[in-house]
Amino acid sequence: MDKDYLQKFAKRIKYLRKERGLTQLNLETDRISRSMISLLEIGKTDVTLTKIKALADALGVEVKELFDFE
């Protein structure tokens, strides 16, 4: 995966979380762990569609909003 794209995704996740006043622990669910959120926010891991949906649900946004960084 293009590392630049992964970094943009990482920054977007962190931005949305902080905008809502949430911690990584607040976002943790049975579908996505705090450690996975941490790795995503620093751009150190790829993510499955299932995890993307879980993250969007935890943030209270539509999936497409996670990719609104261009």
Can you find, within segment 1-19, the residue that is farthest from the chain's Cα centre (by Cα) among those that are modelled with pLDDT of 95 or more and either open to solvent by 90 Å² or more (accessible area, probe 1.4 Å) or among the acidic types (D, E) (or both)? E19
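The rows are residues; the columns are (1) touching a helix residue (DSSP H, G or I) at 6+ places or on another chain (Cβ under 9 Å); (2) touching a residue at least 24 places away in the same chain (Cβ under 8 Å).
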| site | (1), (2) |
| --- | --- |
| Y5 | no, no |
| L16 | yes, yes |
| Q24 | yes, no |
| T29 | yes, yes |
| R34 | yes, no |
| S38 | yes, no |
| G43 | yes, yes |
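The values are calculated or read from the model by the stated rules, or taken from the named source; none is laboratory data. These numbers were taken from a predicted model, which means no experiment stands behind them. Here Cβ is always computed from backbone atoms with ideal geometry, including for glycine, and neighbour counts include all displayed protein chains. These area figures cover heavy atoms from the full protein model, side chains too; ligands, DNA and RNA do not enter into them. Shrake-Rupley method; radii C 1.70, N 1.55, O 1.52, S 1.80 Å.
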